[in-house]
Amino acid sequence: MKHVIQTLKKESLLPFISAAILIAAVLLVFIVYRSFLWPIFILILLYVGFKKVNLFFLKLFRGNRSISATASILTVIITIPIPVFFLARLIFLEVFDLVVQIRDFLSGDKLLYLAQKFPFFMDMITQEPFFWVSMEAQALQYITDYGKFFEAEKLSSWLGNAYNFVIFGLNFTSELSVTMFFATLLLFFLFRDGSRVKDIVLQSSPFPKSFLATFLYQLESHIAAILKGNVLVSILQGMIVGIALYFTGFQNSVLYGVIATIFSLIPVIGTSVVWIPASLYLAFFENNYVAAIILAVFSLAMYLILENVFKPLVMDKKLGMNPVFLFLALLGGIKEFGFIGVILGPLIIATFLTIWKTYHIWDNHEGKDA
């Protein structure tokens, strides 16, 4: 018997060739835009966060997309960059003031009072008695050594380094300006043409429209819930701690509030990094036990309310995620991606849950089509 060699038909190879070409094209697109992934991700977060504002302006200006997008961009600038600029300036001044306070603390009587009242605490820091005396001698030696910088050779070297630093600062400023310009331009087009791009994706996608539309809608709602639940709650917690410190007599309350905002993103630890030391300071250094108790109780109560009542109302119900899995998603996101993982961790898990839920819609859709 003759063995007939069977070959595949061209029609059967076409789907595999198309899939290979599509995968190669996706990889090439990823390589081209790889350096812009994080900025694009941040812009998408801003677009989703201010989407309702854009829809409001769209109704206000009777469907004029360009004017509504411009108004949305101005709203974003007024809401984020301008307050951040003034906040950064205020934080810089308060950091300088904090350094002066630390210097006065180390050179004043409070350090001696701390060493006498809490010897076990000082033993944790150093085993050398009267270490503040040697610190003063070392400071004088440093001042003497740094005085040599005003010699001719040292001064010329210092000026050369300063020149390089200025050039680096100018280059960084110019690159940042260009990046901000293109980011603003891209965000403008997202506000103006975001819905059109969504329609194009729905029409050109090989997936059923009901599946993709549900997936995109739930993904947007999840991003909005994560922004409200994490970012907004963290800002509120930092503001509350800052206000509490201000009314209990602390200087640099804005700086401490920003620190509390950052640490509030970390589960369990939260704002206690700020208000516990502040309460201890009021109790043991100022002998103001009433203010210390009020600060501790108020800060702890507000943290528990925002973390265990308000945040679950915003995130748990919207994401449909068990609080334990949400907690683990926060920890895993922070470990893998840093502070941005506070958003990325829950978002990745929420995306998985969204695909899991919308898959059943896709299955039902196919059953109806059959």
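Just a few scattered comments:
- Within the set G194, G229, G238, the sole residue that is in contact with a helix residue (DSSP H, G or I) (Cβ under 7 Å, 6 or more places away or on another chain), more than 24 Å from I73 (Cα to Cα) and assigned to a helix (DSSP H, G or I) turns out to be G238.
- Those residues of segment 76-125 which are of a type in the set (F, W, Y), assigned to a helix (DSSP H, G or I) and at pLDDT below 75, in sequence order: F105, Y113, F120, F121
- Residues in segment 192-212 that are surrounded by fewer than 17 Cβ atoms within 10 Å (Cβ to Cβ) and of a type in the set (A, V, I, L, M, F, W, C): V197, I200, V201, L202, F207.
Listed here are the residues, each with its yes/no results for (1) assigned to a helix (DSSP H, G or I); (2) surrounded by 13 or more Cβ atoms within 10 Å (Cβ to Cβ); (3) within 20 Å of the chain's Cα centre (by Cα); (4) modelled with pLDDT of 80 or more.
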position	(1), (2), (3), (4)
I21	yes, no, no, yes
L27	yes, no, no, yes
Y33	yes, no, no, no
V53	yes, yes, no, yes
F57	yes, yes, no, yes
G63	no, no, no, yes
S66	yes, no, no, yes
L74	yes, no, no, yes
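- Members of segment 213-228 that are among the hydrophobic types (A, V, I, L, M, F, W, C) and either buried (at least 17 other Cβ atoms within 10 Å of the Cβ) or under 14 Å from the mean Cα position of the chain (by Cα) (or both): A213, F215, L219, I223, A224, A225, I226, L227
- When L245 is tested against (1) touching a residue at least 40 places away in the same chain (Cβ under 8 Å); (2) farther than 30 Å from F85 by Cα; (3) not basic (K, R), just one condition goes unmet, and that condition is (2).
- Residue match in segment 286-306 (condition: outside any helix (DSSP H, G or I), at pLDDT below 85 and over 30 Å from A213 (Cα atoms)): yes
- Among the residues of segment 287-305, those that are of a type in the set (S, T, Y) and either touching a residue at least 60 places away in the same chain (Cβ under 8 Å) or more than 12 Å from W275 (Cβ to Cβ) (or both) comprise Y289, Y303.
- Here K335 fits the description: exposed (fewer than 15 other Cβ atoms within 10 Å of the Cβ) and part of a helix (DSSP H, G or I).
- Residue match in segment 258-278 (condition: surrounded by fewer than 14 Cβ atoms within 10 Å (Cβ to Cβ), in a helix (DSSP H, G or I) and aliphatic (A, V, I, L, M)): no
The values are calculated or read from the model by the stated rules, or taken from the named source; none is laboratory data. All of these numbers come straight from a predicted model, not from anything done at the bench. Reconstructed Cβ throughout: ideal geometry from the backbone, glycine too, with neighbour counts over all protein chains shown.
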